[in-house]
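One structure below.
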Amino acid sequence: MTYDRDNRFLFVPPSIQDHIQGVLNAAVVFVIYGDYECFQSANVYRLIKVAQQQLKISFGENNLGFIFRHFPQVQIHPHAQRAAEAAEAAAAQGQFWQMHEILFIYQEELENGYLVEYANRLGLDISQFLQDLSRGAYVNRINADIEGGLRSGVETAPALFINGIRYLDRWTVEQIMAAVFTAND
């Protein structure tokens, strides 16, 4: 596993402002900057989910954290920004992770009509969801994620940080596990 030596540290530390699964002050905290329309972002997300299951044995369920931060690459993924906004609109109704999962599963179907369909599936208040999207209620939050990523040396999604250290490589579950154990030494 290699890491970016120029900008290898996470500029914006994990906080309660983040969307987190698990514990913020866990022994192992994954932070991924991702794009819902990016195939590689979805793959890394799936790998992390598998690694989390395996790491629960070594670290325990309460010693793992996973944070997702937005890094839509609008120049190559025209629906990524709107998908990120949909995730945030779902978050406002307590359903970020559910929408997050749906967006990665159906990442080839992220046009507005599909986003409304996903919100409906989750039982969200559709009127509020549409209102949030139409007024760009969460653009600043997404832009803050992007800015934090840029300050951490992120140029493209996905970007993975384990305990604040950036790792670059073709990731496998085994490599992620090795990186976690290295980060904890």
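Its relative contact order, with pairs defined as Cα atoms under 8 Å and 6+ residues apart, puts the range 67-185 at 28 percent. In the range 4-145, Cα pairs under 8 Å separated by at least six residues give a relative contact order of 25 percent.
Ordering I176, I146, I105 from largest to smallest accessible area (1.4 angstrom probe), what's the sequence? Intermediate values should be presented prior to the final figure.
Details: I176 0, I146 40, I105 95 Å².
In descending accessible area the options line up as I105, I146, I176.
Only one item in (i) 41, 36, 31; (ii) 49, 33, 28; (iii) 64, 35, 34 matches Cα extents along the principal axes in Å derived from the coordinates shown, and that item is (ii). For L168, the residues 5 or more places off, or on other chains, whose built amide H falls under 5 Å of its own are T2, Y3, D4. Can you give me the C-alpha center-to-center distance between the range 108-141 and the range 62-77, rounded to a whole angstrom? So the separation of the two Cα centres works out to 18 Å.
Phi angles of the range 104-119 translate, via the Karplus equation with coefficients 6.51, -1.76, 1.60 and θ = phi - 60°, into HN-Hα couplings of 6, 5, 10, 5, 8, 10, 10, 5, 3, x, 5, 4, 5, 4, 5, 4 Hz per residue; Gly and Pro are given as x. Principal-axis analysis of the Cα atoms of the chain puts helix 139-151 at an angle of about 20° to the longest axis.
Springs between Cα atoms under 10 Å define the GNM used for the chain, and in it the highest mean-square fluctuation of D145, D125, D35 occurs at D125.
Per-residue extension of 0.36 nm, minus the Cα-Cα distance of Q128 and L24, leaves a gain of 34.5 nm for this segment.
Hey, what number do you get for the chain at 222 nm if only DSSP H runs of n ≥ 4 count, each worth -39500 (n - 2.57), divided across all residues, to the nearest 500?
Values: 7 runs with 86 residues, N = 185.
So the helix-based figure for the chain works out to -14500 deg cm²/dmol.
Rounded to the nearest 10 degrees, the angle from helix 39-59 to the longest Cα principal axis of the chain is 50 degrees.
Take peptides 130-143, 54-67, 74-87 and line them up by average Cβ neighbours within 10 Å, highest first, as a rough protection proxy. Don't skip to the end; give the middle numbers.
On the way: 130-143: 14.6, 54-67: 16.2, 74-87: 20.4.
Sorting 130-143, 54-67, 74-87 by mean packing, highest first, produces 74-87, 54-67, 130-143.
Rounded to the nearest whole Hz, the Karplus-based 3J(HN,Hα) values (6.51 cos²θ - 1.76 cosθ + 1.60, θ = phi - 60°) of the range 80-93 follow the sequence 5, 5, 5, 5, 4, 5, 5, 4, 5, 5, 5, 4, 4, 10, with x at glycine and proline.
The values are calculated or read from the model by the stated rules, or taken from the named source; none is laboratory data. Source: prediction; values computed, not measured. In this analysis, Cβ positions are derived from the backbone assuming ideal geometry, glycine residues included, and neighbour counts consider all displayed protein chains. Surface accessibility is based on the protein's heavy atoms, side chains included, excluding ligands, DNA and RNA. Shrake-Rupley method; radii C 1.70, N 1.55, O 1.52, S 1.80 Å.
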